[in-house]
Amino acid sequence: MRILAFTSYLGTYFNGWQRQKDKRSVQGTIEDALKKIYKKEVKIVGAGRTDAVVHAENQAFHFSPPFKIDMENLYMALNSILPWDVKINKLIEVPEDFHSRKNVKSKVYLYKLKMGNFLMPFEALNFGLTKYDLNLKKMEEALKFFEGEKEFYKFTVLPHLYKSTKRKIIRTKFLSKGDKIFIYIEGNGFLRYQIRRIVGTIIEIGRGKKELDWLDELFDKNNTEEAGSPVEAKGLTLLNVKYPKKFLWE
């Protein structure tokens, strides 16, 4: 038996997804809860990692339980044990060969940014902040430029660790309301810091420090131009992990 789970968490008090010795992580917290239920170690495999203080509304992971428990009872037990800042959204029985990372169709991220001098208390945990007045029209144009399969060598850290730094952005959406900006990016996979550096890059264009044709140079890995600095992690939320429908029968 294999179970696909979707979880939401406030990343503020987690040191990222991956289990780390003596540090609070999402993976470690969920595995500890499963151990209390099954009375033995249960390893979970995430659809990917999120960095420290990054949030998720629908992160995915799979695990193979040592014995069967009614799904509704398991759902209730897990959410009773888990702390307030991480909960299970849904549990689905999937085929034995399902893999939460290898079978991902796409991931959807949202970056929330506020223009101003400070964040209000209820914004402080999940918005990035910029003190600059930004040209929103130019930023929206710049964001569209990232769609398609491109070379994101300059939009990560330690790019030499990856077999390939090419990734495909399926779609983007740019919304603004008052002093707040909402940047949606869906792709087939992402490099570490990729989205935060994309946002940092379009901020440079919004500030007027760079023009749109600068982006062409950033997609050339041999060019010496550097992408914008990564924005604050706390403004980033993993909204959804999508899978082919054939895996999601219930």
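Annotations
- Out of 137, 90, sole residue that is in contact (Cβ under 8 Å) with a residue 40 or more places away in the chain and either part of a strand (DSSP E or B) or at negative phi (or both): 90
- When residues of segment 11-55 are limited to those that are polar (S, T, N, Q) and assigned to a helix (DSSP H, G or I), the one nearest to residue 79 (Cα to Cα): 29
- Qualifying residue in segment 58-74 (condition: of a type in the set (Gly, Ala, Ser) and closer than 30 Å to residue 128 by Cβ): yes
- Residues being surrounded by fewer than 17 Cβ atoms within 10 Å (Cβ to Cβ), over 27 Å from residue 12 (Cα atoms) and touching a Ser or Thr at 6+ places or on another chain (Cβ under 6 Å) are represented in segment 168-176 by at least one member.
- Within segment 191-222, restricting attention to residues that are part of a loop (DSSP other than H, G, I, E, B) and free of Cβ contacts under 8 Å to residues at least 24 places away in the same chain, the residue that is surrounded by the most Cβ atoms within 10 Å (Cβ to Cβ) is 210.
- Residue within segment 64-84 that is closer than 30 Å to residue 197 by Cα and surrounded by 15 or more Cβ atoms within 10 Å (Cβ to Cβ) present: no
- Boolean, residue 94 is of a type in the set (Val, Ile, Thr), in contact with a Ser or Thr (Cβ under 8 Å, 6 or more places away or on another chain) and outside the structural domain of residue 124 (by TED's automatic domain parsing): no
The values are calculated or read from the model by the stated rules, or taken from the named source; none is laboratory data. Quick caveat: nothing in here was measured; it's all calculated off a predicted structure. Cβ sites come from the backbone with ideal geometry, for glycine too, and all protein chains shown count toward neighbours.
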